[in-house]
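Below: one structure, written as structure tokens.
Read the figures in this text as sums done on the coordinates, not as results from a lab. Since this is a predicted model, take the numbers as computed values, not measurements. Every residue, glycine among them, receives a Cβ derived from its backbone with ideal geometry; neighbour counts consider all protein chains shown.
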Amino acid sequence: MSGRLRWSDRALLDLLRQLDQLPMAQEFLRRIPAYASGYRLLTAQLDRLHPRQPDERQARLADFAKPWGLSFPC
């Protein structure tokens, strides 16, 4: 046995349907190297922004979110 999940396994599909979708999606994204490195870069950029630059903050969040199909709360 290879240890890999079989996505066609009925029991696995039933389990996945029971999971809360938001945490599952977050965990999925977290494991993608391009997302993880982009998120680290984004947070470093946001940390350097002045608190009085909310429009710039929103713009950077939107730029990061778009390719991943995400939206961030205001």
For the chain, longest principal axis from Cα atoms; helix 21-30 axis from its Cα atoms; angle between them, nearest 10 degrees, is 70
Among 13, 49, 29, the residue with the largest mean-square fluctuation in a Gaussian network model of the chain built from Cα contacts under 10 Å is 13
Treating every alpha carbon of the range 19-68 as one equal point scatterer without solvent, the Debye formula yields log10 I(q)/I(0) values at q = 0.13, 0.15, 0.26, 0.29 Å⁻¹ of -0.37, -0.48, -0.99, -1.08
Note: residue 10 to residue 52 extended length (0.36 nm per residue) minus current alpha-carbon separation gives 10.0 nm
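Figure the gain on full extension for residue 22 and residue 45 (residue separation times 0.36 nm, minus the Cα-Cα span) and round it to one decimal in nm.
5.8 nm
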Scoring the chain by relative contact order with C-alpha pairs under 8 Å, at least six apart, yields a percentage of 16
The size of the Cβ-based charge dipole (Lys, Arg +1; Asp, Glu -1) of the chain about the Cα centre, to the nearest 20 debye, is 180
Tilt, helix 33-48 to longest principal axis of the chain (alpha-carbon atoms), in degrees rounded to tens, equals 30
Listing 7, 68 by rising number of other beta-carbon atoms within 10 angstrom, fewest first, gives 7, 68
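What order do you get for 72, 64 when you list them from fewest to most C-beta neighbours inside 10 Å? Working shown, then result.
Details: 72 10, 64 19.
So the residues, fewest neighbours to most, are 72, 64.
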